[in-house]
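Working notes, beginning with the structure itself.
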Amino acid sequence: MMETLQKTSLQTAAVECDVCITEKNRAVKSCLQCLASFCQTHLQPHHQSPVFMKHKLVEASKNIQENICLSHKKPLDIYCQDDRQCICYLCMIDNHNGHSAVSVDSEWTSKKKALKELNAKCQKLIKECERGQQDLNEAVKLLKSSAEEAVENIEKVFTELICSLEKKRSEIKEQIRAQEKTEMDRAEELHKHLDQELTELRKRQSEIEELLITDDQIHCLKSFRSVCVLPTFKDIPSFTQHTHLSFKDISISAFKEVLEDVCQQQTARISRVSNVHVAQTPEPKTPDTFWQYFCQLELDPNTANKELQLSEDKRKVSYSYKVLQYPDHPERFDWFHYILCREGLYSRCYWEVECSGKAWAVAVSYRGIGRKGETDDCKLGLNKISWRLGYFLQNFCFMHGKSQVRIPPASRIGVYLDHRAGTLSFYSVSDTMTLLHSVQTTFTEPLYPAFLTGMGSSVRMTEQRRVHKDQK
């Protein structure tokens, strides 16, 4: 896609031949030595004459003058690795004397290789993001479908429940009225029976009272037998033993409470539904799975303290017992024996380092860590933007934001970073991998690997995969 965009851009912005006089033809190549662009006809000397055959031709460009040094008007054919800029040979003598320099072709070959690796990583990340989008779309689709199905189900259930409750309400009302009639009929019958008994008893009481006030003893004695025997009735029913029973006690309040409790429980479950969530990528467990995230790192000389010595391949740093003649640079640590890597990491990465001595540390930091002075803003592990593992005051520990966690010492350290998941883990590496310390947080910027090397110590980054015993 990038090549297509480049071709489209070149076709849109046509470059004219610098040799054509009357009618300008379209240039097909530009010469970095001649600093001119040529059409197919005027390009022939570059293909035929030995004088021009050594000139370097590139795609026709209107920006050919950008390949010339503004100060010396010479081709920019040298790359200063210390200052990371293209220079001419006179710049090398004047301002970059003693710097590490290579040809532009050589540096571009190296950068092109790095770009290809970066492009592969980018493509891998794109596939992961696309897969994540697909999973997210599936989750959203499932969520909508599930929600729609739940709404339809709730509508159906509550409609049926309302119908059922209305039917049950009618049945209960009919049952209460029927029971009321039964009990009222029984009460009416008892009422009549009691009325009869009261009439008989009151009549007998009147007869007894007459006998008590009469003086006719003979009449009293003759009537005594008839009045001394009371009428025989069934046992008078007692209504007091069931007075606690009432239709007021017949209630569906218990059913209401149960129904409301069930509805509350199911409603609470709705807030816990989570079809859409971000699943963290499982952290690797075996050396092989770690190495698939291996990243090639390079130390940045512009950040190195002047008492640190770098190897030629910029993969090893060791303490120097003298001050080295590094040029002043705003990114250089001027007090602490620190150095950063060039690369800022923002995805899943793994790297290993071999450490010697007892004055070293392996760390990661945001780019904005302080470089000048000895305040905590400049100290790896003693602020909120750096994480460090190694020796500190003769203790082997992990440090972040001034907090310390002492851990068993190790000399070969594996560092695994999952920037998106906020995971940073340090391992002791041998035939197996032992977790020393792990951090779970949220990273807001790219992380730069950093190292400390004090007196008698050095740190080397592993360049290629280590061969394990079981693989030999």
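The values are calculated or read from the model by the stated rules, or taken from the named source; none is laboratory data. Remember, it's a predicted structure, so these values are computed and weren't measured experimentally. Note: ideal-geometry Cβ built from the backbone for every residue, glycine included; neighbour counts use all protein chains shown. Each accessible area value is taken on the protein alone, full model and side chains, heavy atoms only, with ligands, DNA and RNA left out. Shrake-Rupley method; radii C 1.70, N 1.55, O 1.52, S 1.80 Å.
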> When the Karplus curve 6.51 cos²θ - 1.76 cosθ + 1.60 is applied with θ = phi - 60°, which whole-Hz ³J(HN,Hα) does each residue of the range 254-261 get, with x for Gly and Pro?
Replying inline: 5, 5, 4, 5, 4, 5, 5, 5
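With a ≥ b ≥ c taken as the square roots of the eigenvalues of the C-alpha gyration tensor of the range 368-454, please select rounded if a/c is under 1.5 and otherwise prolate if a/b is larger than b/c or oblate if it is not? Don't skip to the end; give the middle numbers.
Numbers: a/c = 1.90, a/b = 1.21, b/c = 1.57.
Judged from the Cα gyration tensor, the range 368-454 comes out oblate (a/c at least 1.5, b/c at or above a/b).
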>> Nearest 500 deg cm²/dmol is fine: what mean residue ellipticity at 222 nm does the chain get from its DSSP H runs of n ≥ 4 alone, each adding -39,500 (n - 2.57), divided by its residue count?
In response: -12500 deg cm²/dmol
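Can you give the FRET efficiency to the nearest 0.05 for residue 149 and residue 189, using r as the Cβ-Cβ distance and R₀ = 35 Å? Mind showing how you got there, number by number?
On the way: r = 60 Å, r/R0 = 1.70.
E(calc), rounded to 0.05, equals 0.05.
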> When only C-alpha pairs under 8 Å and at least 6 residues apart count, what is the relative contact order of the chain, in percent?
Replying inline: 10
> Given a cut-off of under 8 Å on Cα pairs at least six residues apart, what relative contact order in percent is computed for the range 347-463?
Replying inline: 35
> Taking +1 at the Cβ of each Lys and Arg and -1 at the Cβ of each Asp and Glu, which of 170, 198, 182 sits farthest along the dipole of the range 164-231 towards its positive end, judged by Cα position relative to the Cα centre?
Replying inline: 170
> In nm, what is the difference between 0.36 nm times the number of residues separating residue 435 and residue 40 and their Cα-Cα distance?
Replying inline: 135.8 nm
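Rank by packing, highest mean first: peptides 405-413, 297-305, with packing defined as the count of other Cβ atoms within 10 Å averaged across residues.
297-305, 405-413
For the chain, rounded, prolate or oblate, judged on the Cα gyration tensor with a ≥ b ≥ c (square roots of eigenvalues), a/c < 1.5 rounded, else prolate if a/b > b/c?
Because a/c hits 1.5 or more and a/b exceeds b/c, the chain counts as prolate.
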> Using modelled amide H (1.01 Å from N, peptide plane; none on Pro or chain starts), what sits under 5 Å from the amide H of residue 61, excluding residues fewer than 5 places away?
Replying inline: 30
> Over the range 392-445, what is the mean sequence separation of C-alpha contacts under 8 Å (at least six apart), divided by residue count, expressed as relative contact order in percent?
Replying inline: 25
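Counting only protein heavy atoms, what percent of the accessible surface of the chain is carbon or sulfur at a 1.4 Å probe?
Values: 17420 of 32090 Å².
In the chain, the share of accessible area belonging to carbon and sulfur is 54 percent.
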> Pulled fully out, how much extra length does the chain show between residue 212 and residue 140, if you take 0.36 nm times their separation in residues and subtract their Cα-Cα distance?
Replying inline: 15.7 nm
> Each label point is 7 Å from the Cα along the Cα-to-Cβ direction; what then is the distance between the points at residue 205 and residue 131, in nm?
Replying inline: 10.2
> Amide H neighbours of residue 16 under 5 Å, counting only residues 5+ apart in sequence or on other chains, H built in-plane at 1.01 Å?
Replying inline: 27
> Considering the dipole of the chain built from charges on the beta carbon (Lys and Arg +1, Asp and Glu -1) around the Cα centre, which of 408, 286, 97 is farthest to its positive end?
Replying inline: 97
> Can you run phi through the Karplus equation (6.51, -1.76, 1.60; θ = phi - 60°) for the range 39-44 and list ³J(HN,Hα) in whole Hz, with x for Gly and Pro?
Replying inline: 7, 4, 5, 7, 7, 4
> Residues with amide H under 5 Å of residue 348's amide H, sequence separation 5 or more or different chain, H placed in the peptide plane at 1.01 Å from N; which?
Replying inline: 419
> Charges only on Cβ, +1 for Lys and Arg, -1 for Asp and Glu: so what's the dipole of the chain about the Cα centre, in debye to the nearest 20?
Replying inline: 2800
>> Taking the solvent-accessible surface of protein heavy atoms with a 1.4 Å probe, what is the per residue accessible area of the chain in Å²?
In response: 68
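Taking 0.36 nm per residue of sequence separation and subtracting the Cα-Cα distance, how much length would be gained by fully extending the chain between residue 445 and residue 367, in nm to one decimal?
Computed gain between residue 445 and residue 367 is 27.3 nm.
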> In the range 318-392, how does Rg compare with the Kirkwood Rh, expressed as the Rg/Rh ratio over alpha carbon atoms?
Replying inline: 0.94
>> Per-residue counts of other Cβ atoms within 10 Å, averaged by peptide: what ranking do you get for 365-377, 347-359, highest first?
In response: 347-359, 365-377
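Could you tell me which of the pairs 285/316; 116/402; 192/256; 29/73 are separated by over 32 angstrom between their Cα atoms in the structure shown?
Violating the 32 Å limit, Cα to Cα: 116/402; 192/256.
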> From the Cα gyration tensor of the range 49-120, with a ≥ b ≥ c the square roots of its eigenvalues, which class applies: rounded if a/c is under 1.5, or else prolate if a/b is larger than b/c, or else oblate?
Replying inline: oblate
>> Can you tell me the convex hull volume per residue for the range 1-148, based on C-alpha atoms, in Å³ to the nearest whole number?
In response: 189
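Could you order 227, 19 so the one with the most accessible surface comes first? Probe is 1.4 Å.
On the way: 227 15, 19 60 Å².
Most to least solvent-accessible, the answer reads 19, 227.
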